[in-house]
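Novice: I'd like to ask some things about the structure below.
The values are calculated or read from the model by the stated rules, or taken from the named source; none is laboratory data. Worth saying up front: this structure is predicted, and the values here are computed from it rather than measured. A quick note on method: Cβ atoms are made from the backbone with ideal geometry, for glycine too, and the neighbour counts reach across all protein chains shown. We work out accessible area using only protein heavy atoms, side chains counted, and drop any ligands, DNA or RNA first. Shrake-Rupley method; radii C 1.70, N 1.55, O 1.52, S 1.80 Å.
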Amino acid sequence: MNVAQEGSPLSYELIDLAEVNLPLLDEPLIAALHQYEHEHTRAWSRTVSSYGGFVFVFPQYNWGYPAPLKNAVDFLYSEWRDKPAKCVTYGTRGGSKGAAQFREVLNGLHMRPLDDHLEIVITDDDVDGSWQLKDLDATMRPYWEQTRTIDAQMVEALKDTQ
Ligand SMILES: Cc1cc2nc3c(=O)[nH]c(=O)nc-3n(C[C@H](O)[C@H](O)[C@H](O)COP(=O)(O)O)c2cc1C
């Protein structure tokens, strides 16, 4: 995120879904009606509404995207609409299949998926015995240029909305 932020006119913030801590979707009505019963949904709606675009960063799980990501997007509907969206995936093979699937979800939400996606391959050399990254900067260094491109794409996409 620091690399994307460097010299950018945009302001990037990290939203960690583990911290947002949504339950499994528990709204009785579909999100498109925008009649939210639960405060956690209203809070999530305020958060998502406050951003102009999104870079979704997620691992590939069994050729798809992780369930908590789908759960989080399904809580809302119009809050996502028309906003530019970029996928950044990571995994032992990078995550192209998960990105392709999630792109369809972005289309369903009427977001504006940006071209391509960034795929980060995590190798055995990147992780320790507990599969934790040994050195985030070293793993990310080969992708710095592509990260700068994401920022350029996002700046361009957001011009249309200003
Ligand atoms: C349930 C599960 C399924 C996975 N499936 C894939 C996969 O299909 N392709 C891939 O490249 N990596 C796959 N991986 C590897 C993960 O993408 C990789 O371990 C990643 O670092 C996990 O990120 P996390 O620690 O944020 O969950 C899988 C990992 C898990 C736990």
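Novice: Quick one: Debye curve from the alpha-carbon atoms of the stretch 2-160 only, equal weights, vacuum; give me log10 I(q)/I(0) at q = 0.10, 0.14, 0.18 Å⁻¹ to two decimals.
Specialist: The Debye formula, applied to the Cα set alone, gives -0.39, -0.76, -1.21.
Novice: Separate question: Highest mean first, what order results for 99-106, 83-90, 34-41, 116-123 on Cβ atoms within 10 Å?
Specialist: Per-residue mean Cβ counts within 10 Å order the peptides as 83-90, 99-106, 116-123, 34-41.
Novice: Calculate, in nm to one decimal, what D82 and D116 gain on full extension: separation in residues at 0.36 nm each, minus their alpha carbon distance.
Specialist: Gain on stretching D82 to D116: 10.5 nm.
Novice: Hey, another quick one. When ligands, DNA and RNA are left out and all protein chains stay put, how many square angstrom of accessible area per residue does the chain have with a 1.4 Å probe?
Specialist: Per-residue accessible area for the chain comes out at 60 Å².
Novice: Would you mind getting me the FRET efficiency between T47 and R148? Use the beta-carbon distance for r and R0 = 25 Å, nearest 0.05.
Specialist: 0.45
Novice: Given the Cα-Cα distance of L17 and E156 and 0.36 nm per residue of separation, how much length would full extension add, in nm?
Specialist: Extra length from L17 to E156 when fully extended: 47.4 nm.
Novice: What is the Cα radius of gyration of the stretch 55-106 over 2.2 N^0.38 Å, N being its residue count?
Specialist: Compared with the compact-globule rule of thumb, the stretch 55-106 sits at 1.10.
Novice: Using a probe of 1.4 angstrom, how much of the accessible area of the stretch 30-162 is carbon and sulfur, in percent?
Specialist: Exposed carbon and sulfur together represent 50 percent of the surface.
Novice: How much net charge surrounds D128 when only the other residues with a Cβ under 14 Å from the Cβ of D128 are counted, with Lys and Arg +1 and Asp and Glu -1?
Specialist: -3
Novice: With a Förster radius of 30 Å, plug the Cβ-Cβ distance of D128 and E6 into 1/(1 + (r/R0)^6) and report the FRET value to the nearest 0.05.
Specialist: With R0 = 30 Å, the Cβ-Cβ based efficiency is 0.60.
Novice: Just check the stretch 9-77 against the gyration tensor rule for me: Cα atoms, a ≥ b ≥ c as the square roots of the eigenvalues, rounded for a/c under 1.5, and otherwise prolate or oblate depending on whether a/b exceeds b/c.
Specialist: oblate
Novice: Viscosity 1.306 mPa s, temperature 10 °C: Stokes-Einstein D of the stretch 85-162 from its Kirkwood Cα radius, in µm² per second?
Specialist: 114
Novice: Would you mind computing, in nm to one decimal, how far apart the modelled labels at E37 and N62 are, each placed 7 Å from Cα along Cα→Cβ?
Specialist: Here the modelled spin labels are 2.9 nm apart.
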